[in-house]
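Below is one structure, written out as structure tokens; comments come after it.
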Amino acid sequence: MVSFLIRRIATAIVLAWVVLTLIFFAIHTVPGDPAYQLAGGDSGFTEEGLQQIRESLGLDRPLGEQYANYLLGVLGGDLGESFATGQPVAQSILRRLPATLQLIAAAAVLAIAAGIPFGAWAGRRRGMADALMTSVTSVALAVPVYVVGALAVLLFSVTWRLLPAGGLTPFAEDPMGFLRGLLLPAVTLSLAFSAVVARMTRTAVIETSDRDWVRTATSFGLTRRRVFNRYVLRNSMNPVVTVVGLEIGSFLGASVIIERVFNYPGISTLLIDGVSARDYPVVQGVVIVIAVLFILINLVVDILYGILDPRARIR
Amino acid sequence: MSDTHLLEISSLSVAFRIDGENVEVTHGVDLHVDEGEVVALVGESGSGKSVTAMSVTDLLPPNALRSGSIRFAGEELLTASEERIRKLRGDDVAMIFQEPMTALNPVYTIGTHLVEAIRCHRDITREAALAEATGLLEQVGLPEPAAMLGRYPHEISGGQRQRAMIAMAISARPRLLIADEPTTALDVTVQAGILDLLLRLRTELGMAILIITHDMGVVADVADRVVVMQHGLVVDRGTTDHIFYDSSQTYTRDLLEAVPDLSAVAMTRSGAVAATGEAPTLEVAGLRIEYRTGWRRAPFVAVDDVSFTVGDGELVGLVGESGSGKSTIGRAVLGLTPIQAGSARVVGTEIVGVRRQDLRLMRRTVSVVFQDPGSSLNPRVPIGRTITDPLRWNRIERDERVLRKTAEDLLESVKIPREWADRYPHELSGGQRQRVSIARAISTRPRFMVADEPTSALDVSVQASVLDLLQELQRSMGFSCLFISHDLAVVERIASRVIVLRKGEIVEQGTASDILRAPREPYTQALIAAVPVPDPRRQRVRRAERLAAAGRRS
């Protein structure tokens, strides 16, 4: 198990390095002069002005040196400074990252808590339960997240005035207010995700129920409930964990819309503002953070595999 | 006759509800098992033997409908409550299954399995259950029982898994053990050990055994009584000696006739073809094949310093247990596996270091038949096209009308009606599919064929006819054949020479009669001694001799 952990972590580190390198070179292979791009393609800048931008960004130095500085900077937590505000990018990200992480974590917990039991129930009962599950999840999957979000705001905040329509009070200031602010965005984000988890669980449960070891367990006189929980459900978790890992990664994208709809102070707002203002260090910083988060989540999934299935430890 | 049998099944019919219709698969089966007795339930695939056995403790899928009566120690089980059946399972009636790999949950250790089995019938602590589990593992002859508790199913061998299964099964000292093909997936020497264990436990625990098998050798070895099933009906029953020597039932006699019998006393060799004087078709010298096992780890040596030849027109049997490297050799001489050292000349072409084009040319003259015809035929292509594909791929023939005619002729040569050319593999039985595979293999009129366990997935009656066909074609077309098998009796039936492999090395090679009648090497002797022969009287003698020999060794 220890060597399994070491292998997985090493793989994740190598992957992170590859991604960082890709981001660096992607930026340097974008056609045109970055300085000119940064100047907004504005012909008003003189050659001298552009040169200044190049120097301030270190763009005039050899590519190898730029790359080394970039990697060292990222490792040291230095993501450069925003063009628009002059503030360190790392600081702005750190200020907004917790809200996004809280949103994603809350949505993931909701999706797992709803999706696994729902899917397990449908897979075990089949028949009507199955039909019900399939139709409910179809709806949840079909309706786009911004429609659900807008509808939720309209009903819960505007019509019934039960929950705030947007914003987020920090947990430390007002725990209840924090939870109330988190609830709508998290539920909205988790809806389609619960549907995916439920369907995956259902399929896995049905498949696992046919396995020989389930029959063996039954033949030794274990109760139905025990056979289901310890033999069917436990062995159905591997595909579910995979899907959860991938979907949490995709949350990072979906939360862009959610944060807009609910005026939620997360990292995506930073990204959108950065893109529209061509605030290039900000964009790069956010992309790096999202990529690293994605790698971390997948590392956790891989380790979970090892815990769930002893056979995965050898591979 | 005592008034109540331990298990009494009477007029049991099982039907499956499929698309709103009931499809009956067994029709009024009667059988019984008495205390301490070993009864074999015999039949080919689809005969309903497993369905009948699974009915006893209601382990059939939910769409199964049972009617008739199943009594255990006088108690009717068909109408018993679910809770009552649950209590009976494992406690009074335990089961073991064919494939011990898939029958154990891969995410739990052997210890966890045993503790679950023990604690579901008795209210004892985990520690007490673990202590008992250690004792059980010792009783079933597993080495280092304490360490075994912490192992996962994938970390131990097939034979050890089956022993662990048996340990679970006897944990509550059941009165009846139902064993569904318990040794089918195992090597013969391992099978012999498992059968010994079952017989010993029968005596030690006084339990009855209902063993489901298709192997008449196993039946002759262990059964007191036999029940023969065919198409969902019991067609014959009686004591083992009666079934083997005095049965008047045609089906039973055909079944016994079809079983290849190793070193039968009055055996008529069906005439395996010896090599002609021409240059050998396959010459293997100093062959070494390694598999990489991981970074900075010593490679696994699958085949080591193996040398042999297959003469022109000769059929040579390559036998060995699982992991002996026999299939690896088969793949290597076809150029499908890299060779680390040595040489292999196939129809004049040296495989080691061969250029791609030469390998392709060589493949025109060689062909292969695999074990499972179900997965080696493309399910979306009609068989008439499949069998002529080698001619298309090798650009030997392109005219589709000629190819169609060839396909029909080929089908006829493997005794399949020529009109079937447009059928798909799923419309054929297992034996028919294997004939189609053979038709494809001979389509290029090869000079050399590798047949890798071609009959292992087939029922005995079908196996016999496929072997006859293969031999007939080999004789008429004159190709040489490397016949890979784990089944000594099959090899004896058709090979002129035999090579015995063990752990990647050749133990012994020679003519089939020398090797199988008078083996010199202890390994070959043990291998042959472990094969149960379908003749109860002879098998009793063989069993006694084998156990005595084992006693002397230890």
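The values are calculated or read from the model by the stated rules, or taken from the named source; none is laboratory data. Here the structure is a predicted model, which means the values were calculated and not measured. Note that we place each Cβ from the backbone using ideal geometry, even for glycine, and neighbour counts take in every protein chain shown. In case anyone asks, the SASA skips ligands and DNA or RNA and just uses the protein heavy atoms, side chains included. Shrake-Rupley method; radii C 1.70, N 1.55, O 1.52, S 1.80 Å.
I'm checking my understanding of the structure. Among residues of region A:228-249 that are within 13 Å of another protein chain (Cβ to nearest Cβ) and hydroxyl-bearing (Ser, Thr, Tyr), which one is farthest from A:GLY306 (Cα to Cα)?
Filtering region A:228-249 for residues that are within 13 Å of another protein chain (Cβ to nearest Cβ) and hydroxyl-bearing (Ser, Thr, Tyr), the one farthest from A:GLY306 (Cα to Cα) comes out as A:TYR231.
If you go through region B:529-554, how many residues are open to solvent by less than 30 Å² (accessible area, probe 1.4 Å) and either among the charged types (D, E, K, R) or not in a helix (DSSP H, G or I) (or both)?
Of the residues in that region, 4 qualify.
Would region A:140-163 turn up any residue that is surrounded by fewer than 22 Cβ atoms within 10 Å (Cβ to Cβ), in the same structural domain as A:LEU246 (by TED's automatic domain parsing), out of contact with any Gly (no Cβ under 8 Å at 6 or more places or on another chain) and under 29 Å from A:ASN235 (Cβ atoms)?
Yes: region A:140-163 contains one or more residues that are surrounded by fewer than 22 Cβ atoms within 10 Å (Cβ to Cβ), in the same structural domain as A:LEU246 (by TED's automatic domain parsing), out of contact with any Gly (no Cβ under 8 Å at 6 or more places or on another chain) and under 29 Å from A:ASN235 (Cβ atoms).
With respect to B:VAL226, determine if the residue is open to solvent by less than 40 Å² (accessible area, probe 1.4 Å), away from every other protein chain (no Cβ under 14 Å), in a helix (DSSP H, G or I) and touching a strand residue (DSSP E or B) at 6+ places or on another chain (Cβ under 8 Å).
No: the conditions fail for B:VAL226.
Sort through B:LEU78, B:LEU65 and tell me the only one that's part of a loop (DSSP other than H, G, I, E, B), touching a strand residue (DSSP E or B) at 6+ places or on another chain (Cβ under 7 Å) and either open to solvent by 10 Å² or more (accessible area, probe 1.4 Å) or within 14 Å of chain A (Cβ to nearest Cβ) (or both).
Details: B:LEU65 fails: part of a loop (DSSP other than H, G, I, E, B).
None of the others qualify; the one that does is B:LEU78.
State whether one or more residues within region A:189-208 are modelled with pLDDT of 90 or more, within 12 Å of chain B (Cβ to nearest Cβ), touching a Cys at 6+ places or on another chain (Cβ under 8 Å) and in a helix (DSSP H, G or I).
Scanning region A:189-208, I find no residue that is modelled with pLDDT of 90 or more, within 12 Å of chain B (Cβ to nearest Cβ), touching a Cys at 6+ places or on another chain (Cβ under 8 Å) and in a helix (DSSP H, G or I), so the answer is no.
Quick test for you: out of B:VAL500, B:VAL460, pick the one residue that is in contact with a helix residue (DSSP H, G or I) (Cβ under 8 Å, 6 or more places away or on another chain), surrounded by 19 or more Cβ atoms within 10 Å (Cβ to Cβ) and under 20 Å from B:GLY330 (Cα atoms).
B:VAL500 is the lone residue from the list that is in contact with a helix residue (DSSP H, G or I) (Cβ under 8 Å, 6 or more places away or on another chain), surrounded by 19 or more Cβ atoms within 10 Å (Cβ to Cβ) and under 20 Å from B:GLY330 (Cα atoms).
Hey, could you check region B:133-143 for residues that are away from every other protein chain (no Cβ under 14 Å) and either under 29 Å from the mean Cα position of the chain (by Cα) or aliphatic (A, V, I, L, M) (or both) and say which is most open to solvent (accessible area, probe 1.4 Å)?
B:GLU138
Here is a check on your reading of the model: is B:ILE70 under 28 Å from A:GLY127 (Cβ atoms), away from chain A (no Cβ under 14 Å) and open to solvent by less than 10 Å² (accessible area, probe 1.4 Å)?
yes
Looking only at residues in region B:150-201 that are within 15 Å of B:VAL38 (Cβ to Cβ) and open to solvent by 50 Å² or more (accessible area, probe 1.4 Å), which one is nearest to the other protein chains (Cβ to nearest Cβ)?
So, considering only residues that are within 15 Å of B:VAL38 (Cβ to Cβ) and open to solvent by 50 Å² or more (accessible area, probe 1.4 Å), the one nearest to the other protein chains (Cβ to nearest Cβ) is B:ARG175.
With the condition being within 30 Å of B:GLY159 (Cα to Cα), I'd like the strands (runs of 3 or more DSSP E) fully within region B:293-385 carrying at least 3 qualifying residues.
Answer list for region B:293-385: B:300-310, B:315-319.
Do we have B:LEU31 as within 27 Å of the chain's Cα centre (by Cα), within 11 Å of chain A (Cβ to nearest Cβ) and at pLDDT 90 or above here?
No.
For region B:507-528, what are the residues that are assigned to a helix (DSSP H, G or I), open to solvent by 30 Å² or more (accessible area, probe 1.4 Å) and touching a residue at least 60 places away in the same chain (Cβ under 8 Å)? Write out each step before concluding.
Of region B:507-528, the ones assigned to a helix (DSSP H, G or I) are B:512-517, B:522-528.
Narrowing further to those that are open to solvent by 30 Å² or more (accessible area, probe 1.4 Å): B:513-514, B:517, B:522-523, B:525-526.
B:SER513, B:ARG517, B:ALA526 - these are the residues of region B:507-528 that are assigned to a helix (DSSP H, G or I), open to solvent by 30 Å² or more (accessible area, probe 1.4 Å) and touching a residue at least 60 places away in the same chain (Cβ under 8 Å).
For region B:229-245, give me each residue that is farther than 17 Å from B:ASP180 by Cα and open to solvent by less than 10 Å² (accessible area, probe 1.4 Å).
Hits for region B:229-245 are B:THR240, B:ILE243.
Can you tell me which residue is surrounded by the most Cβ atoms within 10 Å (Cβ to Cβ) among those in region B:115-131 that are of a type in the set (A, V, I, L, M, F, W, C) and more than 10 Å from chain A (Cβ to nearest Cβ)?
Filtering region B:115-131 down to residues of a type in the set (A, V, I, L, M, F, W, C) leaves B:115, B:117-118, B:120, B:124, B:128-131.
Right, trim to more than 10 Å from chain A (Cβ to nearest Cβ) and you get B:115, B:124, B:128-131.
Numbers: B:VAL115: 24, B:ILE124: 14, B:ALA128: 13, B:ALA129: 18, B:LEU130: 18, B:ALA131: 13.
Checked region B:115-131; the qualifying residue surrounded by the most Cβ atoms within 10 Å (Cβ to Cβ) is B:VAL115.
Considering only region A:221-315, give the helices (runs of 4 or more DSSP H) lying wholly within it that have at least 1 residues that are under 18 Å from A:SER82 (Cα atoms) and open to solvent by 20 Å² or more (accessible area, probe 1.4 Å).
Those helices (runs of 4 or more DSSP H) span A:267-276, A:280-308.
Take the residues in region B:91-105 that are within 14 Å of B:ALA172 (Cβ to Cβ) and hydrophobic (A, V, I, L, M, F, W, C), then tell me which one is nearest to the other protein chains (Cβ to nearest Cβ).
Looking at residues that are within 14 Å of B:ALA172 (Cβ to Cβ) and hydrophobic (A, V, I, L, M, F, W, C), I get B:MET95.
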